[in-house]
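Heads up, the thing below is written out as structure tokens.
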Amino acid sequence: MSEIGFYHLRTTPLEKALPRLLEKVIEGGHRALVMAGSAERVAWLDATLWSYDPGSFLAHGTERDGRPERQPIYLTAKAENPNSADVLVLIDGVEPEHLQGFARCLDMFDGGDAAAVEAARQRWKARKTEGHAVTYWQQADGGRWEKKA
């Protein structure tokens, strides 16, 4: 079973919080697969990761770039794992077809959107029922993460 962390965005938007989490994933020696809700959202993420911090470089790729096996971070809207990632990052309320092969899953949701919060609660219950180890992280002031459960 995978370890699944639910990440409740409260103080910074996804475009600021996601790159920081991905940096930690890469620093930990892992590969990441980021699943978004649409191809348009993947394009937005691609642009965001190239421009989020002028002093940083976060190597990543998409289907458009080819050679996914060379990408430490791969962005997609499809049920795939072409870069052999061991960390799955879900945004936009995406429900993965399966979690096999991933050591860890990060499910990020917008705390300012009541529907997104309720959907995250339902995903939490489902993952717990499936037997996964689930944790809940809430963003504190300044954007740092605090483990709540």
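Where a number appears in this text, it was derived from the coordinates with a stated rule and is not lab data. Quick caveat: nothing in here was measured; it's all calculated off a predicted structure. In this analysis, Cβ positions are derived from the backbone assuming ideal geometry, glycine residues included, and neighbour counts consider all displayed protein chains.
Highest mean packing first, where packing is the average number of other Cβ atoms within 10 Å per residue, the peptides 102-108, 132-138 line up as 102-108, 132-138. In percent, rounded to a whole number, the relative contact order of region 67-120 is 27, using alpha-carbon pairs under 8 Å and six or more apart.
Of the beta bridges in the chain, as assigned by DSSP with both residues counted there, near 10 percent are antiparallel. If you count Lys pairs in the chain whose Cα atoms are under 16 Å apart, skipping same-chain pairs closer than 8 places in sequence, the total is 4. Remark: relative contact order (region 3-144) = 39 percent; criterion is Cα-Cα distance under 8 angstrom and separation of 6 or more residues.
Calculated FRET efficiency, residue 57 to residue 92, Cβ-Cβ distance, R0 = 22 Å: about 0.30 to the nearest 0.05. Take the chain and mark each of the GluC sites (Glu not before Pro) that is in a DSSP loop with at most 15 other Cβ atoms within 10 Å; the longest unmarked stretch, sites excluded, is 1-79. Given their separation in residues at 0.36 nm each and the Cα-Cα distance between them, residue 47 and residue 130 gain 26.4 nm when the chain is fully extended.
Spin-label pair residue 115-residue 140: with each label point 7 Å from Cα along the Cα-Cβ axis, the two points sit 3.3 nm from one another. Taking R0 as 25 Å, what's the FRET efficiency between residue 147 and residue 23 from their Cβ-Cβ distance, rounded to 0.05? The value I calculate is 0.85.
If you sort the three axes of the alpha carbon gyration tensor as a ≥ b ≥ c, you get a/c of 1.5 or more for the chain and a/b no higher than b/c, which makes it oblate.
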